[in-house]
Amino acid sequence: MTAEAVIHGTVISTYTRIVQIACEEAGLAHRTVATAAQSPENRHPFGKVPVVDLDGLELYESVSVAQYIDNAHNSGGLQPRDPARRAVMDRWIAVANTYLFPLFERGLVMPWVMHRYSGFPLDRETIDRSLPAISRALAFCEAEIQQNGGWDLTSFDLADVFLYPMLRSVELTPQGEAGLAQCPALASWMQELHDRPSIAATRWPGEEGEQS
Ligand SMILES: N[C@@H](CCC(=O)N[C@@H](CS)C(=O)NCC(=O)O)C(=O)O
């Protein structure tokens, strides 16, 4: 029987998309079952999405899920074997998950999502308060790339899988678009990935029509 990943997650979700991209890169069939993080159907023990059913396993935590998909269905093609390159990839995945996502999500992306998709007034106070830290984080990524301390731009690996959706969701806000316009190396990396098949196949609904 052909394997299929069943991804339980919200439709506009960074981490759901990360898992979708990993599936696409592996050529693994997948479908997403709309599941709200805080719903009783969600099986994540800490109320996050996604939870993934694959190969008879219940998987959660996107690093573990993406690595499993890549190891079991893609011969580890998105994970460098060289220990030094591996350390760089792991560092950037950790930076993305620990620092970038919480900053971007709470301070900028969620206020816009709540405004655009749920009709709430735009929470400008949260955005204004968060923008200096977000700008510093973008500037840090830009400087690291420019000084060769960034993730490996010469090949596509799991660092790209995690970082792209996080930065793309920032770019889809007016403030994020303005911030990224000041970061030429980051913007050109994003532009390069924009039409990669796994990225194109997992675009969020309305993504191309949004501010960008
Ligand atoms: N550590 C989790 C993080 C997942 C996560 O934060 N997902 C977001 C959606 S992109 C979520 O569930 N947010 C809902 C909430 O925090 O209530 C993972 O790696 O999968």
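Brief remarks follow.
- Total residues in the range 8-55, condition among the small types (Gly, Ala, Ser) and away from the ligand (no atom under 13 Å from the Cβ): 3
- Meets criteria (loosely packed, with under 12 Cβ neighbours inside 10 Å and touching a residue at least 60 places away in the same chain (Cβ under 8 Å)) for residue 102: no
- Checking every residue in the range 40-52 against the condition of being outside the structural domain of residue 137 (by TED's automatic domain parsing), surrounded by fewer than 22 Cβ atoms within 10 Å (Cβ to Cβ), aromatic (Phe, Trp, Tyr) and in contact with a Lys or Arg (Cβ under 9 Å, 6 or more places away or on another chain) gives zero matches.
- Residue count for the range 105-150, restricted to those that are away from the ligand (no atom under 16 Å from the Cβ) and either β-branched (Val, Ile, Thr) or open to solvent by less than 40 Å² (accessible area, probe 1.4 Å) (or both): 13.
- Odd one out for residue 78, checked against (1) more than 11 Å from the ligand (Cβ to nearest atom); (2) more than 19 Å from the chain's Cα centre (by Cα): (2)
- Counted residues, the range 3-26 - those being open to solvent by less than 20 Å² (accessible area, probe 1.4 Å) and in contact (Cβ under 8 Å) with a residue 60 or more places away in the chain: 6
- Per this entry, residue 85 is not counted among residues that are without any contact (Cβ under 8 Å) to a residue 40 or more places away in the chain and of a type outside the set (Ser, Thr, Tyr).
- The range 182-208 - residue that is farther than 13 Å from residue 171 by Cα and of a type in the set (Gly, Ala, Ser) and, of those, least open to solvent (accessible area, probe 1.4 Å): 198
The values are calculated or read from the model by the stated rules, or taken from the named source; none is laboratory data. These numbers come from a predicted model, not from an experiment. Glycine also receives a Cβ, built like all others from the backbone with ideal geometry; neighbour counts cover every protein chain displayed. With ligands, DNA and RNA removed, areas are computed over all heavy atoms of the protein, side chains included. Shrake-Rupley method; radii C 1.70, N 1.55, O 1.52, S 1.80 Å.
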